[in-house]
Amino acid sequence: MEEKYSGSRARALRIVSKRSISAAEIKKRLINKGDSEEVADFTVNWLKELGLINDLEYAHSIVRHYSEKGYGPARVRDEFFKRGIPKDMWDDVVKGELDDSDIEIAAIAFLEKKIKGNIEEVDLNHVSNALVRRGFSYEQARQAISRYIEEIKENQYEL
């Protein structure tokens with residue numbers, strides 16, 4: 001009996017040593033490797049007790065990672081779903097990591113890459129839809145585009 005737990009724990013340690021992972025992801029991987037659900041649950045709880053997995057910390061790192069890459073809150077929630085982060089954590093983690101100004105900064109950073117200052121040559125509906133695909137709401141996309149256009153106009157007047 002102890003042998004199945006030790007094999008599962010060894011597999012789990014190899015997995016968590018490579019990258020951060022959620023409890024749901026590690027459980028799924030252990031089951032896919034042949035462990036029973038009971039053994040996988042035991043191993044996940046063991047990892048939690050050792051502090052080697054922590055869904056809350058992992059969720060915060062996901063928010064930081066995707067917001068730095070220019071993605072919005074909806075995309076972050078999609079990643080939470082894919083990675084098995086408990087749904088009751090989602091809103092608190094996103095609100096704890098991202099305020100409205102962070103969201104706007106991420107959206108404007110994307111716009112700067114996409115538009116490159118050539119606002120006259122860009123279809124704003126296309127750009128707005130691109131922001132929505134990256135996880136921003138239509139309202140967040142509209143506000144970011146308006147802000148970006150204001151900044152371009154201000155910079156043109158300064159020259």
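List of remarks:
- Residue check: Asp41 meets all listed conditions (1) under 21 Å from the mean Cα position of the chain (by Cα); (2) modelled with pLDDT of 95 or more but one, namely (1).
- Qualifying residue in region 63-75 (condition: among the hydrophobic types (A, V, I, L, M, F, W, C), touching a helix residue (DSSP H, G or I) at 6+ places or on another chain (Cβ under 8 Å) and under 15 Å from Ser22 (Cα atoms)): yes
- Whenever a residue of region 110-130 is outside the structural domain of Gly72 (by TED's automatic domain parsing), its partners that are of a type in the set (Phe, Trp, Tyr) and at pLDDT 80 or above, lying with C-beta atoms within less than 6 angstrom and at least six residues away or across chains, give the pairs Leu111/Tyr148.
- Which numbered condition Glu97 misses (of (1) surrounded by 13 or more Cβ atoms within 10 Å (Cβ to Cβ); (2) out of contact with any Pro (no Cβ under 9 Å at 6 or more places or on another chain); (3) at pLDDT 90 or above): (3)
- Condition check for Ser101 on (1) part of a helix (DSSP H, G or I); (2) of a type in the set (Gly, Ala, Ser); (3) in contact (Cβ under 8 Å) with a residue 60 or more places away in the chain: one failure, at (3).
- Considering Ala74, Ala10, Ala23, the condition of being modelled with pLDDT of 95 or more and small (Gly, Ala, Ser) is satisfied by Ala23 alone.
- Meets criteria (modelled with pLDDT of 90 or more and surrounded by 11 or more Cβ atoms within 10 Å (Cβ to Cβ)) for Asp92: yes
Condition check ((1) in contact with a Gly (Cβ under 9 Å, 6 or more places away or on another chain); (2) more than 30 Å from Phe136 (Cα to Cα); (3) among the hydroxyl-bearing types (Ser, Thr, Tyr)) across all residues:
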residue: Ser22; (1), (2), (3): yes, no, yes
residue: Arg29; (1), (2), (3): no, yes, no
residue: Gly51; (1), (2), (3): no, yes, no
residue: Ala59; (1), (2), (3): no, no, no
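- Filtered residues of region 30-78 (kept if surrounded by 20 or more Cβ atoms within 10 Å (Cβ to Cβ) and either polar (S, T, N, Q) or in contact with a strand residue (DSSP E or B) (Cβ under 8 Å, 6 or more places away or on another chain) (or both)): Thr43, Ser67
- Counting only helices (runs of 4 or more DSSP H) that sit wholly inside region 1-86, those with at least 2 residues that are in contact (Cβ under 8 Å) with a residue 24 or more places away in the chain, small (Gly, Ala, Ser) and within 30 Å of Leu131 (Cβ to Cβ) are 55-68.
The values are calculated or read from the model by the stated rules, or taken from the named source; none is laboratory data. Since this is a predicted model, take the numbers as computed values, not measurements. With ideal geometry, Cβ positions are generated from the backbone for all residues, glycine too; neighbour counts draw on all protein chains shown.
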